[in-house]
1. Over 15 Å from residue 78 (Cβ atoms) and of a type in the set (Gly, Ala, Ser): which single residue out of 181, 157 fits that description?
2. Of these, 107, 47, which one is closer than 30 Å to residue 197 by Cβ and among the hydroxyl-bearing types (Ser, Thr, Tyr)?
3. Working only within region 231-246, note down all residues that are surrounded by fewer than 12 Cβ atoms within 10 Å (Cβ to Cβ) and either of a type in the set (S, T, N, Q) or in contact with a helix residue (DSSP H, G or I) (Cβ under 7 Å, 6 or more places away or on another chain) (or both).
4. List pairs: first residue in region 275-287 and more than 15 Å from residue 252 (Cα to Cα), second residue modelled with pLDDT of 70 or more anywhere in the structure, Cβ distance under 7 angstrom, at least six positions apart or on different chains.
5. Return yes when residue 91 is within 30 Å of residue 165 (Cα to Cα), of a type outside the set (S, T, N, Q) and in contact with a helix residue (DSSP H, G or I) (Cβ under 9 Å, 6 or more places away or on another chain) and no when it is not.
6. Of all residues being hydrophobic (A, V, I, L, M, F, W, C) and either without any contact (Cβ under 8 Å) to a residue 60 or more places away in the chain or open to solvent by 10 Å² or more (accessible area, probe 1.4 Å) (or both) in region 120-134, which is nearest to residue 167 (Cα to Cα)? Just the residue, please.
7. For the subset of region 90-107 comprising residues that are touching a residue at least 24 places away in the same chain (Cβ under 8 Å) and not polar (S, T, N, Q), which member is most open to solvent (accessible area, probe 1.4 Å)?
Amino acid sequence: MIKPEKTINGTKWIETIQINAEERATLEDQYGIDEDIIEYVTDNDESTNYVYDINEDDQLFIFLAPYALEKDALRYITQPFGMLLHKGVLFTFNQSNISEVNTALYSALDNPEVKSVDAFILETLFTVVDSFIPISRAITKKRNYLDKMLNRKTKNSDLVSLSYLQQTLTFLSSAVQTNLSELDRLPKTHFGVGADQDKIDLFEDVQIEGEQVQRMFEIETQVVDRIDHTFNSLANNNLNDTMKFLTIWSLTMAVPTIITGFYGMNVKLPLAGMQYAWMLTLGISVALIVAMLIMLKVWRKM
């Protein structure tokens, strides 16, 4: 979808969301955007990047934003969105229709302090970087819940939730890191040439916010990994305890089986003529079981 033109202090803004083949052709024919650029900026597998075409004087920005697969389950991945400065016109590409990106764009548009297209781009990036923070806080809340469950019975659903947290942190941590690397590089590119003090301040604000988000996700990743390690240790310990109990139980059950099996043979055996021989065999079985348990206790196998 190509939305109607808007203006940012005299600069045209063309917003696109999930464009189809016909709309791609419109961008090529009506605005003269190269087909390769459209393919590049709408590729969902692209990573963070900044490209300046010295011949066309075009500037292309690609950044990653969080994309919810299952918001309630905290299952997130990241998807790219693009901004293109082409012949004095700003084009934005949100091929995955990321809600955080839409919010960031219109937040920058409504900001009275945004007085240039460069400020619009930086304010958008700032808001997108800031959109990772609520997800990090939700992860912290979920992680605290799972941490409390360690003192109780571990459920498969808790393990699945922990797995979702790890997957989400892997995607988001990587995106935050690559975004921050590009934000650090951006002032040294053509986009940062001749920047005035206001633009320099915006660069610093976005970088500081990116560093804060990166630290938050680093801490969460470390804590969740430790919880996962604790879960695994508890599961292994519980399995060992179960196997120990089953082993001891099978040994104790083997003793009466041996004794009764021996005296169950159809041959003449010692004590076979006694009236209470069965009580004697029972006593022998109990005595052997007790002796075996004492030996296991002495050898510290219990």
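1. Just a single option satisfies the conditions, and that option is 157.
2. Being closer than 30 Å to residue 197 by Cβ and among the hydroxyl-bearing types (Ser, Thr, Tyr) holds for just one of 107, 47, which is 107.
3. 232, 233, 236, 237, 240, 242
4. Between residues of region 275-287 that are more than 15 Å from residue 252 (Cα to Cα) and residues that are modelled with pLDDT of 70 or more, there is no close pair.
5. Values: within 30 Å of residue 165 (Cα to Cα): no; of a type outside the set (S, T, N, Q): yes; in contact with a helix residue (DSSP H, G or I) (Cβ under 9 Å, 6 or more places away or on another chain): yes.
Here the answer is no, as residue 91 does not meet what is asked.
6. The initial filter retains those residues of region 120-134 that are hydrophobic (A, V, I, L, M, F, W, C), namely 120-122, 125-126, 128-129, 132-133.
Subsequent filtering for residues that are either without any contact (Cβ under 8 Å) to a residue 60 or more places away in the chain or open to solvent by 10 Å² or more (accessible area, probe 1.4 Å) (or both) retains 126, 129, 133.
On the way: 126: 24, 129: 19, 133: 17 Å.
Result: 133.
7. Checking each candidate, the answer is 100.
To keep it simple, each residue is scored yes or no on (1) surrounded by fewer than 22 Cβ atoms within 10 Å (Cβ to Cβ); (2) at negative phi.
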site: 45; (1), (2): yes, yes
site: 50; (1), (2): yes, yes
site: 68; (1), (2): yes, yes
site: 83; (1), (2): no, yes
site: 88; (1), (2): yes, no
site: 109; (1), (2): yes, yes
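The values are calculated or read from the model by the stated rules, or taken from the named source; none is laboratory data. Remember, predicted model here, so these are calculated numbers, not experimental data. Methodologically, a virtual Cβ is constructed for each residue, glycine included, from the backbone with ideal geometry; neighbour enumeration extends over all protein chains shown. The area values use the complete protein model at the heavy-atom level, side chains included, leaving out ligands, DNA and RNA. Shrake-Rupley method; radii C 1.70, N 1.55, O 1.52, S 1.80 Å.
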